[in-house]
Amino acid sequence: MQVTLVNDSGLYKKLDTGENFLCLIFGGLVPLFKGDFKIASLYFLIVIGAEVLFGELTALIVVLGLSIYLLFTYNNMRIRNFMKKGYKPATDEDKEMLIKSRIILG
């Protein structure tokens, strides 16, 4: 499903809700290409730290775990980040969808 957000200057953003299967395949590259540098840098710092501290096998397990985590949470994190920047649901249906998805409180 998609939700539309709008800011005070009238700029609209259509964002997906639910799972993001690209995160399962490409991991931290998805936030990097979408411009979420904070999430991408955190992803890569955790992976590099796991590789340096524990070795390659542990880093592979960490990559898989983080990719599964992003699969279920990345779209919601992205919507919350846009709402922190001043975006609001464009319509009442979008607001209801965000409430139903537990992204915002009713």
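So here's what we get for this one:
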quantity	calculated
Options Ile103, Ile46, Ile79, Ile68: the member that is in contact with a Lys or Arg (Cβ under 8 Å, 6 or more places away or on another chain) and of a type in the set (A, V, I, L, M, F, W, C)	Ile103
Pairs, first over 14 Å from Ala40 (Cα atoms) in segment 64-77, second among the polar types (S, T, N, Q) and not in a helix (DSSP H, G or I), C-beta under 9 Å, six or more apart	Phe72/Asn20; Asn76/Thr17; Asn76/Ser101
All helices (runs of 4 or more DSSP H) inside segment 1-99 with 2 or more residues being over 12 Å from the mean Cα position of the chain (by Cα) and surrounded by fewer than 15 Cβ atoms within 10 Å (Cβ to Cβ)	37-54, 56-84
Residue within segment 39-50 that is among the polar types (S, T, N, Q) and touching an Asp or Glu at 6+ places or on another chain (Cβ under 7 Å) present	no
Any pair with Cβ under 7 angstrom, 6 or more apart, that starts in segment 1-13 at a residue that is without any contact (Cβ under 8 Å) to a residue 40 or more places away in the chain and within 21 Å of Lys100 (Cα to Cα) and ends at one that is surrounded by 11 or more Cβ atoms within 10 Å (Cβ to Cβ) and not β-branched (Val, Ile, Thr)	Gln2/Leu15; Gln2/Asp16
Segment 8-23, residues that are of a type in the set (Asp, Glu) and either out of contact with any helix residue (DSSP H, G or I) (no Cβ under 7 Å at 6 or more places or on another chain) or modelled with pLDDT of 95 or more (or both)	Asp8
Residue pairs meeting the criteria (Cβ under 6 Å; at least 6 apart or on separate chains; first touching a residue at least 24 places away in the same chain (Cβ under 8 Å), in segment 25-53; second part of a helix (DSSP H, G or I) and polar (S, T, N, Q))	Gly27/Ser67
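The values are calculated or read from the model by the stated rules, or taken from the named source; none is laboratory data. Quick caveat, the model's predicted, so the values are computed rather than measured. Reconstructed Cβ throughout: ideal geometry from the backbone, glycine too, with neighbour counts over all protein chains shown.
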